[in-house]
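Below is one structure, written out as structure tokens, with a few remarks after it.
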Amino acid sequence: MNGKIILLDKKVFGQDSYSFFIDDELCIVDILIIDNRYQYSFRVDTTAKTALNQIRKEKQKKNLLYSLTTFSGLFTAVAIAMLLIFMQQDNRLWRSIVDNAVLSVATIKIIESQENRFHVFYIYRDSIRQVQGFVDAYDNPNPTLDNGFPIQNNDGFLVTYSRKVKTNSKLHLNHPTNKTIQRYRQLASAKYFENNPKAMPDYCNCIVDIAYATKGWEGYALIYNATTTPSDHERFNTETYQNWLNSKAFLDKEVNCWQYK
């Protein structure tokens, strides 16, 4: 190297490798025999545990951490920006509806797609035609909604649409029609009988009546989700059900059901 002998090995007739340092860099010369001919290669070893490679490894870790931190920050910023945009668009849409609001009734229609996904739509009529809105896509045909009940075809809910842009609409899942509320009552009654098999039918019906008297249709949702864990449904679950059972409003009325025990 630069006219100086670094390594010396006589009578080398086979394949071999020789390593040496140039400053702090570990270098390797390989002697190869390919097709009965000698070939030589020079490479720098960046994986061996040398002082320089250790420093290089620490730098790579820092660079990777910096890159991940930067990417995470960028991803978070983009996600927040997209969320704000969607919220602004949703708020703008809702303002356009509210400013020219017309209240109507929508019915649910569930369509199975080719990818085994179930697309839930709602249909309502404006003054001259039928309009369709989209709820969401689900993996099963009767997904549980935020109101605590599984949705099905022909469920009815209030819908608000814009008088000016009639395709701008908002479905109100917390405002089911009377027919849908009656279906919720049937589901709640069946669930109460299932969870309390020893209770008398009249007592069960009395409890279900108290649920509606104290909470409206949400009382039915509490009974229907009496065994649902909070992780599965935040709004209606075993904790909110027990809170209702222990409430003064329930206990004051429940004494009237004792005659059916």
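Any read-out appearing in this document is the output of simple, stated calculations on the displayed coordinates, not a laboratory observation. What you see is a predicted model; the values in this text were computed from it and never measured. When we count neighbours, we look across all protein chains shown, and the Cβ atoms used for this are built from the backbone with ideal geometry, even at glycine.
The figures follow:
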item: In degrees, nearest ten, helix 51-99 long axis to first principal axis of the chain (Cα); result: 30
item: At R0 = 30 Å, FRET efficiency that the Cβ-Cβ distance of K179 and N243 yields, to 0.05; result: 0.55
item: Karplus 3J(HN,Hα) series, Hz, for region 135-150 with 6.51 cos²θ - 1.76 cosθ + 1.60 (x for Gly, Pro); result: 8, 5, 10, 9, 7, 10, x, 10, x, 7, 8, 5, 7, x, 10, x
item: Acute angle (nearest 10 degrees) that the helix 201-215 long axis makes with the longest principal axis of the chain, alpha-carbon atoms; result: 70
item: Nearby lysines by direct alpha-carbon distance to K62 (threshold 25 angstrom, same-chain neighbours under 8 apart not counted); result: K49
item: Choice from P150, P197, P141 with maximal GNM fluctuation in the chain (Cα, 10 Å cutoff); result: P197
item: Rounded to 10°, Cα long-axis angle of helix 178-195 versus longest principal axis of the chain; result: 70
item: FRET E, pair T227, L65, Förster distance 51 Å, beta-carbon r, rounded to 0.05; result: 0.65
item: Other-chain or far-sequence residues with amide H under 5 Å of L145's (modelled H); result: I151
item: Label-point separation, S127 to T47 (7 Å along Cα→Cβ), nm; result: 7.7
item: DSSP-loop GluC sites (Glu not before Pro) across region 104-195, with at most 11 other Cβ within 10 angstrom; result: E115
item: Residue-count net charge about R117 - beta-carbon cut-off 11 Å; Lys, Arg +1, Asp, Glu -1; result: -4
item: Farthest positive-ward along the chain dipole, Cα basis, beta-carbon charges - from N256, G14, P176; result: P176
item: Given charges at Cβ of Lys, Arg, Asp, Glu: the chain dipole, positive-most of G156, M200, G3; result: G156
item: In Hz, Karplus ³J(HN,Hα) per residue of region 119-125 (6.51, -1.76, 1.60; θ = phi - 60°; x = Gly, Pro); result: 8, 9, 10, 10, 10, 9, 10
item: Total charge dipole magnitude, region 1-45, about the Cα centre, Cβ charges on Lys, Arg, Asp, Glu only, Debye to nearest 20; result: 320
item: Nonlocal amide H pairs with V131, under 5 Å, H built at 1.01 Å; result: Y124, R125, D126
item: Long-range amide H partners of A101 with built H, under 5 Å; result: R163
item: Estimated FRET transfer efficiency when R0 is 35 angstrom, pair I34-E112 (beta carbons, to 0.05); result: 0.05
item: Members of K10/K57; K11/K57; K170/K215; K109/K191 lying beyond 28 Å, as alpha-carbon distances in this model show; result: K10/K57; K11/K57
